[in-house]
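The values are calculated or read from the model by the stated rules, or taken from the named source; none is laboratory data. The model shown is predicted, which means the values in this text are computed figures rather than measured ones. So basically every Cβ, Gly included, is an ideal-geometry build from the backbone, and we count neighbours across all protein chains shown.
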Amino acid sequence: MATGKSVLTSSSSKSNPAPPWFDFSSVSTLRISITADQYQYCSEALRLLNEKLQMPHEITKEFTKLQANRIRPSEMARSCTVALNSSNISKNRYTDVVPFDKNRVVLNSCKDYRPSAKGYINASFITTPSPEKVSQFIATQGPLPHTFEDFWEMVIQCHCPVIVMLTRLVDNFKTVKCGDYFQAENGPREFGNISVVTKQLQTTETSLVLRSLEVNHKETDKPPLSVLHFQYPEWPDHGVPADTFAVREIFKRLYHVPVNIGPIVVHCSAGIGRTGAYCTIHNTIQRILMGDMSALDLVSTISMFRSQRIGMVQTVGQYFFCYKAIVDELNDLISEFKGRSNSKC
C-alpha cells in the first residue's frame, strides 16, 4: 500500500495537538496487525466470500431482492415529513433523497430560526449493532452553499472526527455534485459563525486527498475540533473505481480511530450510492475482525442501512464492488499476518 506523497504540510496547533491518526507520514496508519483469532475469522470469511464470487448470478439476485423492497413514494411522504416541509425543501440537493424523521440529525443551533425548520439538515444517523465496537456513521448529501454552515455545525455538535468525501465537486459532465465546503489552504474560511482552518494537506499515490482541519465557532473559548477529511475524487457517480486500493486505504486509516469519539461523516453527492457502499465495506470488515460471521450477509446489512436512509448502495455494480473490496482487504490482512509470522521464524 502506498504511503502517499505530501504536497503541503504545516504543523498542527501546539495548543490543540492533532490525534495520532492524523500523522499522514506514518506507515503504521496503513497497517492493521491482526491476532491469530482474527486470522482465523478472516480466513473463514474469505473462503465463503470467494465461493460466493464464483456465483455472480447469485449476487445479482441478492441485489434484485434489495431493489424489490425499496421504499415507495407514499411511504417516503409519511416517513420524511420534516425533510419535505416547505421550509426545508431548498436544503435538499435531490428531492427524492431525504432523511427519515426517526433518525435524522437535528441541529441544536440552526441559523434557520423558523419553528417549521426544526433544526433540519439532510443527514441521517446510521447506527449498527455493537456501537461500542464498530463505527457509527452519519450519511449525508454533498453540502449546498447555503447549507455549509449547517454542515459544520453538525460536525461540531456530533463531535465527528472524520469526514469521508466520495465525489468530485464537479463531474466530467460539468455537473455540480457538491459545494466547496472544505478547502481552506489560504487561511481560515468562515461559514457564518464557524471557522475552518487547514493544518495539513497531502495527496497520496491512490488519488486520496487528506486534510487535517480545525473547526470551531468564531467566538468561543473552547479548543477547536480536529477533523480528518478524506476526499476520493476518482469514484464516479453511479459507478465504481477501477480498483479497491483507495477505498481500502481509507478503511485502514480509519481503523485506528477510536469508535467512541463520534460518528464518521460519509457523503458523496446524494449520500446514498457511494456512501452506502463505503459504509457497507467498512462495517463488514470491522465485524469480520470481531468474529461476527453474520457480516457476510450483505443483503441484511444494506437492508439495515436502507431502513435508516433511502437507497443506500444504488447500483448492482456498487454491490459487486462491496464484495470485491471486502475480499481484497481480507487477502491483505491475511498476507500481512503470514508475513509477520514468517519473519518471527
The range 261-278, residues that are touching a helix residue (DSSP H, G or I) at 6+ places or on another chain (Cβ under 8 Å) and closer than 19 Å to His159 by Cα
Ile264, Val265, Val266, His267
So how many residues does the range 167-213 have that are over 29 Å from Phe245 (Cβ atoms), in contact (Cβ under 8 Å) with a residue 40 or more places away in the chain and not β-branched (Val, Ile, Thr)?
3
Among (1) surrounded by 11 or more Cβ atoms within 10 Å (Cβ to Cβ); (2) more than 30 Å from Val313 (Cα to Cα); (3) modelled with pLDDT of 95 or more, which single condition is Ser28 missing?
(3)
Among the residues of the range 133-156, write down those that are closer than 15 Å to Asn122 by Cα and in a helix (DSSP H, G or I).
Pro145, His146, Thr147, Phe148, Glu149, Asp150, Phe151, Trp152, Glu153, Met154, Val155
Run down Pro258, Pro241 and say which single residue is assigned to a loop (DSSP other than H, G, I, E, B) and over 30 Å from Gln157 (Cα atoms).
Pro241
Hits in the range 149-197 (condition: over 20 Å from the mean Cα position of the chain (by Cα) and not hydrophobic (A, V, I, L, M, F, W, C)):
Asn172, Lys174, Thr175, Glu185, Asn186, Gly187, Pro188, Arg189, Glu190, Gly192, Asn193, Ser195
Can you name every residue in the range 293-331 that is of a type in the set (Asp, Glu) and over 21 Å from the mean Cα position of the chain (by Cα)?
none
Go through the range 109-132 and count every residue that is more than 11 Å from Arg309 (Cβ to Cβ), among the aliphatic types (A, V, I, L, M) and not in a helix (DSSP H, G or I).
1
Considering residues that are in contact with a Leu (Cβ under 8 Å, 6 or more places away or on another chain) and surrounded by fewer than 20 Cβ atoms within 10 Å (Cβ to Cβ), the number found within the range 157-176 is 3
Could you say whether any residue in the range 242-262 is hydroxyl-bearing (Ser, Thr, Tyr), more than 20 Å from Leu53 (Cβ to Cβ) and at pLDDT 95 or above?
no
Among the candidates Ala270, Ala295, single out the residue that is in a loop (DSSP other than H, G, I, E, B) and either in contact (Cβ under 8 Å) with a residue 24 or more places away in the chain or among the hydrophobic types (A, V, I, L, M, F, W, C) (or both).
Ala270
Within the range 102-113, is even one residue among the charged types (D, E, K, R) and crowded, with 21+ Cβ neighbours inside 10 Å?
yes
Please work out if Asp328 is of a type in the set (Asp, Glu), over 30 Å from Val170 (Cβ atoms) and touching a residue at least 12 places away in the same chain (Cβ under 8 Å).
no
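Residues are listed down the side, and each one gets a yes or a no for (1) over 19 Å from Asp37 (Cα atoms); (2) at pLDDT 95 or above; (3) crowded, with 24+ Cβ neighbours inside 10 Å:
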| position | (1), (2), (3) |
| --- | --- |
| Val265 | yes, yes, yes |
| Gly273 | yes, yes, yes |
| Arg287 | no, yes, no |
| Leu298 | yes, yes, no |
